[in-house]
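The values are calculated or read from the model by the stated rules, or taken from the named source; none is laboratory data. Here the structure is a predicted model, which is why all the values come from computation and not from measurement. As a convention, Cβ positions derive from the backbone with ideal geometry for all residues, glycine included, and neighbour counts pool all protein chains shown. SASA here: full protein model, heavy atoms, side chains in, ligands and nucleic acids out. Shrake-Rupley method; radii C 1.70, N 1.55, O 1.52, S 1.80 Å.
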Amino acid sequence: QLNSGIASVLSDVFTIEWGLRKLVFKECDLDEQVSVSVVLRARAVLIVVQILKPILHSLLIPNTLTFLSVSSNRRLKGPAFRLIGAYMSKARSLQFLDLSQNALDKKATEYIAGALPEAPTPGLVSLRLDDCQLKPQALDVLGESLLVSCSRAHSVRPSARRQEIVTS
């Protein structure tokens, strides 16, 4: 699990241009923020520490990342996808994004779909949303954006287990 200390160190490392092209945060219990309880002068104080925002911001400094995967991080919610959407719209080199096995609601899908660049603007080439439990309204939002985007490869497959249940 990423905590604020690890996120801070990673953010510092990611600001350096050293040829980072692929970054995978798979199954690392990633969250947009973490709450830390600290006792100061006999009082408990709750501090909310950003995790995802400094990491994504630091990746924009060298702006060399072409592949980003945050798959299988089930704790990600709407605000995290808002940050990912903001990163997508600012990252000039990002070509492949994998958000598989994260539960995306309609709002999260809107953040991602809104960040897809329209053709002929160069940008994201491949978007993977396998097993994201997308509801029909979210699929409508995504489909409309994909029609006008420059993205050429999309994957929105349900899980194999869910597919077996549907076909039975």
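Just to be sure, is Ser58 buried (at least 18 other Cβ atoms within 10 Å of the Cβ) and under 22 Å from Gly19 (Cα atoms)?
Yes, satisfied.
Only one of these is under 23 Å from Ile6 (Cβ atoms) and not in a helix (DSSP H, G or I): Pro62, Pro54. Name it.
Pro62
Return yes or no: is Ser145 of a type in the set (S, T, N, Q) and out of contact with any helix residue (DSSP H, G or I) (no Cβ under 8 Å at 6 or more places or on another chain)?
no
Residue pairs, Cβ under 8 Å, 6 or more apart or interchain, first in segment 16-42 and under 23 Å from Gln95 (Cβ atoms), second among the basic types (Lys, Arg) and modelled with pLDDT of 50 or more. List them.
Listed by first residue and then by second, the contacts come to Leu30/Arg75.
Any chance you could count how many residues in segment 127-141 are among the polar types (S, T, N, Q), in contact with a Lys or Arg (Cβ under 7 Å, 6 or more places away or on another chain) and not in a helix (DSSP H, G or I)?
Going through segment 127-141 one residue at a time, the tally reaches 0.
What is the number of the single condition among (1) open to solvent by less than 80 Å² (accessible area, probe 1.4 Å); (2) modelled with pLDDT of 80 or more that Asn3 does not meet?
In the conditions (1) open to solvent by less than 80 Å² (accessible area, probe 1.4 Å); (2) modelled with pLDDT of 80 or more, Asn3 misses (2) alone.
Please verify whether Glu144 is part of a helix (DSSP H, G or I) and modelled with pLDDT of 95 or more, treating the condition exactly as stated.
Criteria not met by Glu144.
Can you tell which of Ser155, Ser145, Ser151 is open to solvent by less than 60 Å² (accessible area, probe 1.4 Å), in contact with a Lys or Arg (Cβ under 7 Å, 6 or more places away or on another chain) and in contact (Cβ under 8 Å) with a residue 12 or more places away in the chain?
The unique qualifying residue is Ser155.
For Arg74, all conditions in the list (1) within 13 Å of the chain's Cα centre (by Cα); (2) surrounded by 14 or more Cβ atoms within 10 Å (Cβ to Cβ); (3) not in a helix (DSSP H, G or I) hold save one; what is the number of the exception?
(2)
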